[in-house]
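Nothing in this text is a laboratory measurement; each read-out follows from the coordinates by a stated rule. Please read all numbers here as calculations on a predicted model, not as lab measurements. Because the Cβ atoms are built from the backbone with ideal geometry, glycine has one as well, and the counts that use them run over all protein chains shown.
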Amino acid sequence: MKKLSIFLFLVFCQLFFAQNFEISTLRIGDFKIFMPKTEADKIAKKGLQTFEDYEKTNKVSLNGENVDVTLMDQWIDDNKPMQKQIYALKTKSSKFKTKSGMGVGNTRDQLIETYRNYTNFEVHQYKDENGKTDIKSFFTLKDYDAGTYLTFVMENNIVVEIMVGMNEGC
């Protein structure tokens with residue numbers, strides 16, 4: 001009986017303290033694209049700012065790891081035309097991974113091998129404002145059903161950052 005009690009206590013602790021480090025075309029951890037500001041504030045445990053410039057972010061600690069959260073006013077529908085919600089997410093933490101195990105630290109070849117059968121992916125090199133190529137490149141999975149994307153930012157073919165956001169081109 002004592003062993004059963006200890007086992008149940010350990011299982012409870014694992015469930016209670018479980019941390020979400022999942023990345024997908026819709027999320028980084030507990031933050032989800034399209035999530036209303038009120039829900040995002042609860043997860044962040046602070047009031048997040050809304051920006052008109054999508055490059056400005058809120059720095060948030062999620063499960064002890066840094067996540068950049070961008071909120072913007074978004075059109076919802078005719079009954080509720082504008083709502084503050086998550087527009088984009090970024091992290092450089094190697095703890096966050098996709099269900100396939102991909103994240104910061106993986107290589108370009110690993111991404112291609114893992115996602116070669118994914119319906120909509122693209123790889124392209126970064127060019128600066130003068131058209132010069134850089135050491136950065138991007139591996140992007142587009143989720144047209146959800147209207148989102150998941151981008152692995154690479155330097156020298158190694159993932160250094162993950163970005164998830166709304167795909168406005170769909």
Point to revise | Inter-label distance for K56 and N117, nm, one decimal - labels placed 7 Å from Cα along Cα-to-Cβ | key: 4.5 nm
Practice item. Can you grab the distance from the C-alpha centre of the stretch 143-170 to the C-alpha centre of the stretch 74-127, Å, no decimals? Key: 3 Å
Point to revise | Integer Hz, Karplus 6.51/-1.76/1.60 couplings in order for the stretch 90-102, x for Gly and Pro | key: 9, 8, 10, 6, 7, 6, 7, 9, 6, 4, 7, x, 8
Point to revise | Within the chain: Cβ-based charge dipole about Cα centre, in debye rounded to nearest 20 (Lys, Arg +1; Asp, Glu -1) | key: 920 debye
Point to revise | Entry for Cα extents along the principal axes in Å (calculated from the structure that is shown) out of [x] 70, 45, 28; [y] 64, 28, 24; [z] 43, 39, 28 | key: [x]
